[in-house]
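The values are calculated or read from the model by the stated rules, or taken from the named source; none is laboratory data. Please read all numbers here as calculations on a predicted model, not as lab measurements. A quick note on method: Cβ atoms are made from the backbone with ideal geometry, for glycine too, and the neighbour counts reach across all protein chains shown. With ligands, DNA and RNA removed, areas are computed over all heavy atoms of the protein, side chains included. Shrake-Rupley method; radii C 1.70, N 1.55, O 1.52, S 1.80 Å.
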Amino acid sequence: MKFLKTIRVLMASADPEIRGYLLNILESDHDIDVIGEAGQAGELLEMMPTANPEILILDENLAEADSLSLAADLKLRYPPIQVILIAEQEDLKLFKRAMQSGVRQIILRSVEAGELLGSVKDIAEGYRRSVENLREQSEPGKDSAAPGKAQPQLKASQIITVFGNKGGIGKSLIACNLAVAAATRYKDQVALVDLDLQFGDISLMMNINPRKTIAELMQESGELTADLVDEYFYERSGVKVLAAPHKPELGELVTSFGAETVLKLCRKMYTYTFLDTPTFLDDTTLTALEMSDVVLLLISLDIPTIKNIKKGIDVLDSLKLLPRTKLILNRSSSLSVGLEPQDVEQVLGMKIAASIPSDFKMTVSSINRGMPFYNMSPKAPISRSIVELFDLIDKAK
Ligand SMILES: Nc1ncnc2c1ncn2[C@@H]1O[C@H](COP(=O)(O)OP(=O)(O)OP(=O)(O)O)[C@@H](O)[C@H]1O
Ligand SMILES: [Mg+2]
């Protein structure tokens, strides 16, 4: 997007070489104006009252100051300021401390131009929008449901969770393709949230290289609003995607309360929200299941899977979720070792609601290309089966 006004950036680093490197990148963009540079904390504090920056790029190496305490102090004195911390390397401890100090993002010293410029612009845009929102909300007669904003859906919206307590059963693949198929019918009204917080691969399957994930969203200070959450979604094939954290250890930043807040907002913003889940039942997955209107429980025709799924069904039963659960047979056309769908229905005590055939070639090339198979070949049997599955959900609504 083109900014009407330039983004005012102040930069502080003890290392002139780093300042030079960042300055070169920032000055290459006409939307950004570097209004000052500081080599020390004292210098920075002197500049602050007159510089009035929107974004402060603060190196953790600032001499005579702990940069994070300085960031926290500046946030208190100048609340609108958005701080980007420049670090040698990132780890969970630094990430947590930085977020507690009000830092919006950590960027490594080795950052490439595109990433730095993208982050500065994302943060500036978000910042300006939230200032705008605050202004509008404080005007008499205006409320957050004013026209032109993210509106609660008038139609009943649904959360659909793809679940299966057996690894590699096809959860992510089916979640992506269902969302894409749904978006052809419900344009701009479909979300896909990757709740496989440790090993989520939705961004890979949808060809997204996300700068912002659900982990960063959880670190937002203040109340989450629909407009703010919307900034964390990436659009692919008409689907709005919220990516899983970049690293497994960041998954723990997503609490069940946080996930619940995000899903409640998704319910307001989208007609359909599809959730991909991990194989195990952690707190967040349980919360997602409890909030779901439909749970798609994936099975395949092999004994270890059926044994596991039986346990999954017991959990869903104890959560009183069975009435909302549909049993979906994946890879239905694979050769089974003596197991027939009817046998499985009998063992599990549930009917199979829909089947997805096997298509090894299509699924592998779809994953390798980062393109849902529904887009590659909407008429293929596997794609048609996805549409039939979506029909089942959509018509029952
Ligand atoms: N219908 C199908 N036909 C052929 N291959 C399939 C089918 N469904 C899934 N697969 C293959 O199974 C593998 C696992 O799929 P996917 O990653 O979607 O499973 P998952 O349940 O999300 O796994 P994880 O538990 O690791 O998250 C993929 O390589 C995919 O190509
Ligand atoms: Mg998966």
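Assorted remarks:
- Residue in region 185-195 that is of a type in the set (Gly, Ala, Ser) and away from ligand 2 (no atom under 16 Å from the Cβ) present: yes
- Residue in region 33-53 that is open to solvent by 10 Å² or more (accessible area, probe 1.4 Å), within 17 Å of Ser110 (Cα to Cα) and either out of contact with any helix residue (DSSP H, G or I) (no Cβ under 9 Å at 6 or more places or on another chain) or outside any strand (DSSP E or B) (or both) present: no
- Considering each residue of region 187-206 in turn, none proves to be assigned to a helix (DSSP H, G or I), away from ligand 1 (no atom under 16 Å from the Cβ) and more than 24 Å from Arg331 (Cβ to Cβ).
- Asp317 meets each of the listed conditions (1) modelled with pLDDT under 95; (2) within 15 Å of ligand 1 (Cβ to nearest atom); (3) open to solvent by 30 Å² or more (accessible area, probe 1.4 Å) apart from (2).
- The set of residues in region 208-229 that are open to solvent by 50 Å² or more (accessible area, probe 1.4 Å) and either under 11 Å from the mean Cα position of the chain (by Cα) or at pLDDT 95 or above (or both) contains only Arg211.
- One residue from Arg369, Arg331, Arg324 being within 16 Å of ligand 2 (Cβ to nearest atom) and open to solvent by 70 Å² or more (accessible area, probe 1.4 Å): Arg331
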